[in-house]
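Report on one structure; see the data block that follows.
The values are calculated or read from the model by the stated rules, or taken from the named source; none is laboratory data. Note that the structure is a prediction, hence the values are computed from the model and not measured. All Cβ positions, even for glycine, are placed from backbone atoms using ideal geometry, and neighbour counts span all protein chains on display.
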């Protein structure tokens, strides 16, 4: 058998793998625009980094981490109750220790029963005002903290090396799969070429 008939599928597999490998590399390289034979080459991600940052910023601020979602989470009654034991401990410490330091005379007339009653009143009042206070604070925070702008600035400021490293961490298996698929398809095409050659001879 002609040695070239054996080599054709292997060469085709290599070409398929190599072209896909080049295509993946061209996602990130060259970092800066380069002219070769009158054509400008520039890695897709470096070229589109600003647009990528803007799209990601909108996605994060509108879909993934909206202030309304955060507000709903932190103002839920069950979440408010989770922080009450800590607040209750602080109130108890204030009534039993700090108050006696500031107002020694008043503390002389306050016993455990009164402390517990005062503590219960404070806790009930705080559980009532916390949701509205947190909602008000979230409204102010949303005006002061522009999530979309923060994400856009952070991603746009990434070095090309860092962006490539992040995407490779996320998609390393997928990139490898694309390379293997290229080799497999190249090998199959090579086999078809060999079959056609044998049939036409």
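Would you please list the contacts, defined by Cβ atoms under 8 Å and residues six or more apart or on different chains, that run from a residue in the range 78-106 that is free of Cβ contacts under 8 Å to residues at least 12 places away in the same chain to a residue that is surrounded by 12 or more Cβ atoms within 10 Å (Cβ to Cβ) and in a helix (DSSP H, G or I)?
Sorted first by the residue in the range 78-106, then by its partner, the pairs are 99/107; 100/107; 106/99.
Would you call residue 54 without any contact (Cβ under 8 Å) to a residue 24 or more places away in the chain and either surrounded by fewer than 10 Cβ atoms within 10 Å (Cβ to Cβ) or touching a helix residue (DSSP H, G or I) at 6+ places or on another chain (Cβ under 9 Å) (or both)?
no
How many residues, within the range 32-51, are touching a residue at least 24 places away in the same chain (Cβ under 8 Å) and surrounded by 16 or more Cβ atoms within 10 Å (Cβ to Cβ)?
4
Any idea which of 90, 29 is part of a helix (DSSP H, G or I) and either modelled with pLDDT of 80 or more or within 30 Å of residue 128 (Cα to Cα) (or both)?
Only one candidate passes the filter, namely 90.
Got a sec? Which of 164, 148 is touching a helix residue (DSSP H, G or I) at 6+ places or on another chain (Cβ under 8 Å), under 20 Å from residue 46 (Cβ atoms) and surrounded by 15 or more Cβ atoms within 10 Å (Cβ to Cβ)?
Unique residue meeting the criteria: 164.
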